[in-house]
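Worksheet for the structure shown next.
The values are calculated or read from the model by the stated rules, or taken from the named source; none is laboratory data. Predicted model, so just to flag it, every value in this text is computed and none were measured. Neighbour counts are summed over all protein chains in view; Cβ atoms, including those assigned to glycine, are modelled from backbone coordinates with ideal geometry.
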Amino acid sequence: MLGYFSNKRYILYTGVLGLFLLNVFIKSEILGYITGLLAIPMFAVSFLAAARLFQILGSLFMGTGAILFIISGMSVHVIPFWLTSNMQLLAFLTVLPWINSVVRAGRFDRRINQILRANVSDLGKLYPRSFLTTYILVSFINLSAIPLSHHVLLENLSKVKKKWKDSFISRTTLRAFSVALAWSPMEIMVAITIDATGVGYLSYLPWLLLCSLLVMIIDILCGRKYFANQPYEPAGSGVSRSIHMRSLIFQVVQLFVALAIFLVVVVLLGNWTGLNFILTVTFVIIPFSFIWAMVIGRYRSFRKIGWPTWKFRTNGMQNFAVLFLSLGFFSSSLNHTPLLYFIQEPFMAAANFPVVILLLIQFSYLLMSMFGVHPIATIGVLMEAIPPLYEIINPISIGMVLITGALATAAVGTYGVTVTITAQNTKQNPYYITLRNMPFAFLYGGVGTLIGWLLL
């Protein structure tokens, strides 16, 4: 029975989130209250299926939130409204699989992966190709790019010693994943920061791109030098072949043109409707994905891939449902208690030393990630503590550190999704991955902090 319902969670999620999105336009207090009430069974169902780590986080946020709620003296009837305070993030995650499905339907991912199958003489020369391939794929299909790159690299590096193979894969894929998402409008940490700081996406874009490209160039140069003396022999017949550069460049240009159009639509619609960035992207993704599929003549493939992909991904949202619903209740409770001022006090005490605040934010992410705390949970607490600083410190500076600090943990978070996937696929100890990528995390966070400091 439990197995049957575990495959039907997407129905509950879609129903509740559908009501939430409908109420964005209707603005009915009754409908909002009903949505909040439905969030209670949604949390319960998700909690039972969630991973142990997220059950612990959810319990901590709910338990602490309950204590803070009692301290606040607020009426019980506000609880359903508080449970929906982060529901827009769940809606955002629900629609993301559709744009990933267009990339897969257009076979952009397979063609771009041809870069990894070209002939090179050593791992040093393969490093930039592997990094760039993963970077491009992550920009459009996010987490799905990780196992895809793993598969091709494991095939190609089968004749390489395990020590060097593990090091190569964990460096190129995780580091490329971290920097590629810095400027992506489909990355949830970017979306959260934009709405939290009140600064437009286009104001962030050039600085995020600068940070992303700087870190990428530095890491590629270091990686190329580090692996230069390791010979590379492709495995199997036909693995090593030439690249049709003209065709490949055309595919990449198509992807970036589509992304540029997507951003223009999001900005124009956001300005016209007044919706925040997260909701605007949420409403744009599905129609944009269908139109894009029709334009490239892959609508039939898109439908075949899109529906099962969306159902599978939505059905597996239990971890984020537990995290966001409990975090919403905790944050709302915290906002109505004097405890918020105690959390803000260390940041306000350092207000005259902005660089200290920026570094404090960076190290908060790294420290919490070592204990398995998701960066979304960390930013959820930080966003309650630092708003008073916006009058003293440039919000873009804070936003740069919030984004880069969060994404740097993707390469080092021992219990994080990306590190766990890499450890499982390559059969290596996740702690080794963390240690190997820690210098990169400091580099990434350092560049983000430096740019934030220069923008003060």
For the stretch 138-166, how many residues are crowded, with 23+ Cβ neighbours inside 10 Å, more than 24 Å from Phe256 (Cα to Cα) and among the small types (Gly, Ala, Ser)? 0
Select from the stretch 44-59 the residues that are surrounded by 15 or more Cβ atoms within 10 Å (Cβ to Cβ) and farther than 20 Å from Gly372 by Cβ and list them in ascending order. Val45
Tabulated pairs, the stretch 243-263, first surrounded by 11 or more Cβ atoms within 10 Å (Cβ to Cβ) and among the aliphatic types (A, V, I, L, M), second modelled with pLDDT under 80 and not in a helix (DSSP H, G or I), C-beta under 6 angstrom, 6+ apart or interchain: Ile243/Ala118
Suppose the filter is more than 30 Å from Gln254 (Cβ to Cβ), within 28 Å of the chain's Cα centre (by Cα), among the polar types (S, T, N, Q) and at pLDDT 90 or above; does Thr94 pass it? no
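Looking only at the stretch 286-306, which residues are in a helix (DSSP H, G or I) and among the small types (Gly, Ala, Ser)? Before the answer, list the steps.
Filtering the stretch 286-306 for residues in a helix (DSSP H, G or I) gives 286-295, 299-306.
Ser289, Ala293, Ser301, Gly306, listed by residue number.
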Which listed residue, of Asn315, Asn335, is of a type in the set (S, T, N, Q) and farther than 24 Å from Ile403 by Cβ: Asn315
Mind counting the residues in the stretch 347-373 that are surrounded by fewer than 16 Cβ atoms within 10 Å (Cβ to Cβ), under 19 Å from Tyr390 (Cα atoms) and free of Cβ contacts under 8 Å to residues at least 24 places away in the same chain? 4
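Looking at Thr314, Thr337, Thr309, which is the one that is in a loop (DSSP other than H, G, I, E, B) and crowded, with 17+ Cβ neighbours inside 10 Å? Steps first, please.
Details: Thr314 fails: in a loop (DSSP other than H, G, I, E, B); Thr309 fails: in a loop (DSSP other than H, G, I, E, B).
Only one candidate qualifies: Thr337.
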Return the pairs, sorted by first residue and then second, in which the second residue is hydroxyl-bearing (Ser, Thr, Tyr) and at pLDDT 90 or above, the first residue lies in the stretch 266-282 and is buried (at least 19 other Cβ atoms within 10 Å of the Cβ), the beta carbons are less than 7 Å apart, and the residues are 6+ apart or on different chains. Val266/Thr280; Gly270/Thr280; Phe277/Tyr201
Any residue at all in the stretch 264-278 that is at pLDDT below 90, more than 30 Å from Thr449 (Cα to Cα) and outside any helix (DSSP H, G or I)? yes
Can you confirm whether Ala423 is crowded, with 16+ Cβ neighbours inside 10 Å and under 12 Å from Leu366 (Cβ atoms)? no
Selection status of Thr134, in a helix (DSSP H, G or I), in contact with a helix residue (DSSP H, G or I) (Cβ under 9 Å, 6 or more places away or on another chain) and surrounded by fewer than 18 Cβ atoms within 10 Å (Cβ to Cβ): no
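If you check Thr94, Thr64, which single one turns out to be assigned to a helix (DSSP H, G or I), β-branched (Val, Ile, Thr), out of contact with any Pro (no Cβ under 9 Å at 6 or more places or on another chain) and within 30 Å of Pro185 (Cβ to Cβ)?
So the residue among Thr94, Thr64 that is assigned to a helix (DSSP H, G or I), β-branched (Val, Ile, Thr), out of contact with any Pro (no Cβ under 9 Å at 6 or more places or on another chain) and within 30 Å of Pro185 (Cβ to Cβ) is Thr94.
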Pick from the stretch 110-130 the residues that are touching a Ser or Thr at 6+ places or on another chain (Cβ under 8 Å) and either modelled with pLDDT of 85 or more or assigned to a helix (DSSP H, G or I) (or both): which of them is farthest from Arg313 (Cα to Cα)? Tyr127
